[in-house]
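Here's the structure, in structure tokens; my notes come after.
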Amino acid sequence: MAKLKIQKVCENCSKVFDAQRTTTRYCSHKCNSVHYKLKARDSKINKANADTIKVVNKPIEDIKTKEFLSVSQTAKLIGCSRQAIYKMINSGRLKASIIMVKKTIIKRSDIELMLEQAITEKQPRMYL
């Protein structure tokens, strides 16, 4: 068996070295270990970031499945403040039901109806 001497560049430290096989990627075991640990670290970071995104988006996903929403949930769904939702209710643009002294609920179909009317009417923009 002939011993090959192939000039290669280490993928970790970028040094030129003589490889005995065409599949060799690193100049030493140390460079191989460093690169492996770097890949493992990056995969853990990516997994943690993906889990964080799932946790952040979970409340919105829960809101999308409900038929009746509170004022706070409606504000999160639309992307505005609770005060803006109360102004819409008081002006009559959004229908709501007061079921207790401090509990107001809004039907999802009423939210969709309000948004459809806002799109079709093309009202001039009001700044609050």
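The values are calculated or read from the model by the stated rules, or taken from the named source; none is laboratory data. What you see is a predicted model; the values in this text were computed from it and never measured. Quick reminder, even Gly has a Cβ in these numbers, built from the backbone with ideal geometry, and neighbours come from all protein chains shown.
Has the stretch 20-43 got any residue that is among the β-branched types (Val, Ile, Thr), touching a strand residue (DSSP E or B) at 6+ places or on another chain (Cβ under 7 Å), surrounded by 10 or more Cβ atoms within 10 Å (Cβ to Cβ) and over 30 Å from LYS107 (Cα atoms)? Checking the stretch 20-43: at least one residue is among the β-branched types (Val, Ile, Thr), touching a strand residue (DSSP E or B) at 6+ places or on another chain (Cβ under 7 Å), surrounded by 10 or more Cβ atoms within 10 Å (Cβ to Cβ) and over 30 Å from LYS107 (Cα atoms). Restricted to strands (runs of 3 or more DSSP E) entirely inside the stretch 1-104, those with at least 2 residues that are closer than 30 Å to GLN117 by Cα and more than 23 Å from the chain's Cα centre (by Cα) are 68-70, 97-100. Can you say whether ASN49 is in contact with a His (Cβ under 7 Å, 6 or more places away or on another chain), modelled with pLDDT under 95 and not assigned by TED's automatic domain parsing to the domain that holds LYS107, as far as the supplied structure shows? For ASN49, the condition - in contact with a His (Cβ under 7 Å, 6 or more places away or on another chain), modelled with pLDDT under 95 and not assigned by TED's automatic domain parsing to the domain that holds LYS107 - is not met.
Of the residues in the stretch 98-115, not one is small (Gly, Ala, Ser) and touching a strand residue (DSSP E or B) at 6+ places or on another chain (Cβ under 8 Å).
Against the list (1) modelled with pLDDT under 90; (2) within 30 Å of ILE6 (Cβ to Cβ); (3) not acidic (Asp, Glu), the condition LEU113 fails is (2).
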